[in-house]
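Q: My questions will all concern the structure given below.
The values are calculated or read from the model by the stated rules, or taken from the named source; none is laboratory data. Owing to the predicted nature of the structure, the values given are computational and were not obtained by experimental measurement. Note that we place each Cβ from the backbone using ideal geometry, even for glycine, and neighbour counts take in every protein chain shown. Please note that ligands, DNA and RNA were not included when accessible areas were found on the heavy atoms of the full protein model with its side chains. Shrake-Rupley method; radii C 1.70, N 1.55, O 1.52, S 1.80 Å.
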Amino acid sequence: MTFNLKELMEERHGDNFALHAQYLNPQLTKVVTTLGFDRLYEHGEGCYLYDDEDHRYLDMLSGFGVFALGRSHPAIKDALRQALDADLPGMVQMDCALLPGLLAEQLITRSPKQIERLFFCNSGAEAVEAAIKLARKARRGGDVVVIHGAFHGRTYGALSATPQEAKQAPFAPLVPGFRAVAADPAAIEAAVDQNTAAVLLEPIQGESGVHVLPDEVLAAAR
């Protein structure tokens, strides 16, 4: 039997919310429906979403990096098709694949001079986990200073670095070694000593509103 994605999507059209309610997250289904967002989106293009009645919606979500070029960008779609048609030998256990090297070369070329190597991650939380591990590797047992109001992710280490009681409490006890301080130069300077492994912060805190850390806070952290 040949797999046909288009036929499958057409056959199960409209089952979105029933499938999520039964197999994934029933609470999310209730929330989306209550808010009136229970639309059946058919496709996306640029900054717009289109539902099954061809209504167009301006999608205001701009974060996560993946939306930088909009949805269904023709250059990205073409590159994906080329990669699929090339039958690349991906996920080889012992190998140094060409494409990651080429991407790293281009990113390093466009980065500040002190950045010489990259570590690719699939999410912000994974990047935070990697940063914590690299810092702890360099300064074994060292504390990580974090800023109140920050959000660094929902994986265990990143959540432990997120000083928000409502998010942390259900999963306690958390990973030890994180010291939360106010977004204040004096507080940061007082918290950092010879045992500090890293200062982890967001220049723009955007998880609950938008809070831009003052320049003097960034200078103190550096």
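Q: Given a 1.4 Å probe and every protein chain left where it sits, what share in percent of the accessible area of the stretch 67-222 is carbon and sulfur?
A: Numbers: 6480 of 10940 Å².
Ligands and nucleic acids excluded, carbon and sulfur give 59 percent.
Q: Past the 25 angstrom mark, what percentage of all C-alpha to C-alpha distances in the chain do you count? Numbers along the way, then the final one.
A: Details: 14856 of 24531 pairs.
Pairs farther apart than 25 Å: 61 percent.
Q: How far is helix 124-138 tilted off the main Cα axis of the chain, in degrees rounded to 10, range 0 to 90?
A: The two axes meet at around 30 degrees.
Q: Then there is this: Longest exposed-loop-site-free stretch of the chain, with GluC sites (Glu not before Pro), DSSP loop and at most 10 other Cβ within 10 Å? Don't skip to the end; give the middle numbers.
A: Values: sites that count: 53, 116.
Counting only loop sites that pass the neighbour cut-off, the longest clear stretch is 117-222.
Q: Can you tell me which lysines have their Cα less than 30 Å from the Cα of residue 6? Leave out same-chain residues fewer than eight positions away.
A: Once the sequence-local lysines are set aside, what remains near residue 6 is 30, 77.
Q: Using Cα atoms only, what is the angle between the long axis of helix 98-109 and the major principal axis of the chain, expressed in degrees (0 to 90) to the nearest 10?
A: So the inclination is approximately 50 degrees.
Q: Could you order 118, 24 by accessible surface area, starting with the largest, using a probe radius of 1.4 Å?
A: Details: 118 75, 24 120 Å².
These residues rank, largest area first, as 24, 118.
Q: Taking the solvent-accessible surface of protein heavy atoms with a 1.4 Å probe, what is the per residue accessible area of the chain in Å²?
A: Values: 16680 Å² over 222 residues.
Here the residues of the chain average 75 Å² of exposed surface.
Q: Where the accessible area of the stretch 1-56 is counted over protein heavy atoms with a 1.4 Å probe, how much of it, in %, is carbon and sulfur?
A: 55 percent
Q: Quick one: check the C-alpha center-to-center distance for the stretch 98-139 versus the stretch 20-45, whole angstrom.
A: Centre-to-centre distance over Cα atoms comes out at 35 Å.
Q: Determine the order of 91, 1, 9 by accessible area, beginning with the largest, at a probe radius of 1.4 Å. Present the calculation step by step, with values, prior to reporting the outcome.
A: Working: 91 195, 1 240, 9 125 Å².
Ranked from most to least accessible, the order is 1, 91, 9.
Q: Considering every pair of different Cα atoms, what Kirkwood radius, in Å, is found for the stretch 1-103?
A: On the way: mean 1/r = 0.0581 Å⁻¹.
One over the average 1/r among Cα pairs gives 17.2 Å for the stretch 1-103.
Q: Could I ask something else about it? Compute the angle between helix 74-85 and the longest alpha-carbon principal axis of the chain, please, reported from 0 to 90 degrees and rounded to the nearest 10.
A: The answer is roughly 80 degrees.
Q: Just the projected area, averaged over all directions, of the convex hull on the alpha carbon atoms of the stretch 61-191: how many nm²? Could you put the intermediate results ahead of the total?
A: Values: hull surface 47.7 nm².
The orientation-averaged projected area of the Cα hull of the stretch 61-191 comes to 11.9 nm².
Q: If you count the DSSP beta bridges with both ends in the chain, what percent of them are antiparallel, to the nearest 5?
A: On the way: 10 of 18 bridges.
Here the share of antiparallel DSSP bridges comes out near 55 percent.
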